[in-house]
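J.: Just passing along the structure, written as structure tokens.
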Amino acid sequence: MSSGEAESPVFDTSVAHIARVYDYWLGGKDNYPVDRAVGERVMQAYPDIVYSVRANRAFLDRVVRYLVGEVGIRQFLDIGTGIPTANNTHEVAQSAAPEGRVVYVDNDPIVLAHARALLTSDPAGATDYIEADLRDTGEMLAQAAQVLDFSEPVAVMLLGILHMISDHDDPYAIAVALMDAVPAGSFLAISHPASDIDAAEGAEAARRYNAQAAEPATFRSRAEVAALFEGLDLVEPGVVRVPEWRPRSEIEAKSPSNLWGGVARKR
């Protein structure tokens, strides 16, 4: 479903949803009591979570600027978009290349309700929003092809989303399917909560989140996150804590974060 086709999305406010919890951590207002309660419980277990999610937004900004400015990418498939905030993918991309084309994907109706904020494209480019589940890669890619040209390189953005895919649903197969659909010269960007950074605090944070959330989260090790890039060429510095990926300053590099991140190119 594209944003233009959707009306009156229905919200389930009885359980927490990751997009709304993230919105709470980022200081937004598009969340409900259950989201705030879960957010607070996670913060008690891992007080640096707010710094971590902000580091993830900064990572998005640096990745998009690198891909547009240094590599020449002009198309983005941003999956697990979340509720719009500052410096969304199309804003960063089109500030450097107005002709950039961006398709956003999420499965939370509240994100759909805010999709208009994601569709304020530069006239030279294009943006669209798809309500879809990452697990249904075929349908998602078919809809994205209405805006993106899959014969030209595409940057696939999976920032802070694959931990919502359980081992049973095979995030590795999903990453392969997405990269199989794009040509050589395309890129995959991933950020993912770590099971091996602040391990005890992270495990307790995940337990508290999973106890009240609609969908459970699975934290993964650096080796497990690196395996998501199998068959691709990692861009330096490889898989690192997200503040350490091409930071703008030493202070930024030292920011607290329990997220692994990386970017890789398809040969």
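J.: Whether any residue in region 106-122 is buried (at least 22 other Cβ atoms within 10 Å of the Cβ) and over 24 Å from residue 32 (Cβ atoms) is what I want to check.
T.: no
J.: Which residue pairs have Cβ atoms under 6 Å apart, sit 6 or more places apart or on different chains, and have a first residue in region 246-260 that is within 17 Å of residue 48 (Cβ to Cβ) and in a strand (DSSP E or B) and a second that is basic (Lys, Arg) and open to solvent by 50 Å² or more (accessible area, probe 1.4 Å)?
T.: Note: pairs meeting the criteria are 260/222.
J.: Select, from 63, 71, the only residue that is over 19 Å from residue 219 (Cα atoms) and crowded, with 22+ Cβ neighbours inside 10 Å.
T.: Result: 63 is the single residue among 63, 71 that is over 19 Å from residue 219 (Cα atoms) and crowded, with 22+ Cβ neighbours inside 10 Å.
J.: Working only within region 232-245, note down all residues that are open to solvent by 50 Å² or more (accessible area, probe 1.4 Å) and part of a loop (DSSP other than H, G, I, E, B).
T.: Once the filter is applied, which keeps residues that are open to solvent by 50 Å² or more (accessible area, probe 1.4 Å) and part of a loop (DSSP other than H, G, I, E, B), region 232-245 yields 236, 237.
J.: Here's something else I'd like to know. Suppose the filter is of a type in the set (A, V, I, L, M, F, W, C), assigned to a loop (DSSP other than H, G, I, E, B), within 19 Å of the chain's Cα centre (by Cα) and at pLDDT below 95; does residue 73 pass it?
T.: When the stated conditions are applied, residue 73 does not pass them.
J.: Output the number of residues of region 124-139 satisfying the condition of being over 11 Å from residue 104 (Cβ atoms), open to solvent by less than 30 Å² (accessible area, probe 1.4 Å) and hydrophobic (A, V, I, L, M, F, W, C).
T.: Adding up the residues that qualify gives 2.
J.: Return the residues of region 213-225 that are in contact with a Gly (Cβ under 9 Å, 6 or more places away or on another chain) and open to solvent by 30 Å² or more (accessible area, probe 1.4 Å); say none if nothing qualifies.
T.: Once the filter is applied, which keeps residues that are in contact with a Gly (Cβ under 9 Å, 6 or more places away or on another chain) and open to solvent by 30 Å² or more (accessible area, probe 1.4 Å), region 213-225 yields only 219.
J.: Here's something else I'd like to know. Yes or no: region 111-125 includes at least one residue that is touching a helix residue (DSSP H, G or I) at 6+ places or on another chain (Cβ under 9 Å) and modelled with pLDDT of 95 or more.
T.: Taking every residue of region 111-125 in turn, at least one turns out to be touching a helix residue (DSSP H, G or I) at 6+ places or on another chain (Cβ under 9 Å) and modelled with pLDDT of 95 or more.
J.: Tell me whether region 204-212 contains one or more residues that are among the hydrophobic types (A, V, I, L, M, F, W, C), surrounded by 14 or more Cβ atoms within 10 Å (Cβ to Cβ), touching a Ser or Thr at 6+ places or on another chain (Cβ under 6 Å) and not in a strand (DSSP E or B).
T.: There is no residue in region 204-212 that is among the hydrophobic types (A, V, I, L, M, F, W, C), surrounded by 14 or more Cβ atoms within 10 Å (Cβ to Cβ), touching a Ser or Thr at 6+ places or on another chain (Cβ under 6 Å) and not in a strand (DSSP E or B).
J.: Right, another one. For region 221-231, give me each residue that is touching a residue at least 40 places away in the same chain (Cβ under 8 Å) and either outside any helix (DSSP H, G or I) or among the hydroxyl-bearing types (Ser, Thr, Tyr) (or both).
T.: Scanning region 221-231 gives 228, 229, 230, 231.
J.: Could you figure out which of (1) closer than 30 Å to residue 32 by Cβ; (2) in contact with a Leu (Cβ under 8 Å, 6 or more places away or on another chain); (3) without any contact (Cβ under 8 Å) to a residue 60 or more places away in the chain isn't true of residue 218?
T.: (2)
J.: Kindly provide the set of residues from region 59-70 that are of a type outside the set (Val, Ile, Thr) and over 12 Å from the mean Cα position of the chain (by Cα), ordered by number.
T.: The answer is 62, 65, 66, 67, 69, 70.
J.: If you check residue 81 against the conditions, is it outside any helix (DSSP H, G or I) and touching a helix residue (DSSP H, G or I) at 6+ places or on another chain (Cβ under 7 Å)?
T.: Taking the combined requirement at face value, the residue satisfies it.
J.: Let me ask another. If only one of 19, 93, 55, 86 is assigned to a loop (DSSP other than H, G, I, E, B) and either under 26 Å from residue 250 (Cβ atoms) or open to solvent by less than 20 Å² (accessible area, probe 1.4 Å) (or both), which one is it?
T.: 86
J.: Looking at 80, 100, which is the one that is under 24 Å from residue 244 (Cα atoms) and not aliphatic (A, V, I, L, M)?
T.: Going through 80, 100 in turn, just one is under 24 Å from residue 244 (Cα atoms) and not aliphatic (A, V, I, L, M): 80.
The values are calculated or read from the model by the stated rules, or taken from the named source; none is laboratory data. Given the structure is predicted, the values throughout are model-derived calculations rather than measurements. Neighbour counts are summed over all protein chains in view; Cβ atoms, including those assigned to glycine, are modelled from backbone coordinates with ideal geometry. For accessibility, only protein heavy atoms count, side chains too; no ligands or nucleic acids. Shrake-Rupley method; radii C 1.70, N 1.55, O 1.52, S 1.80 Å.
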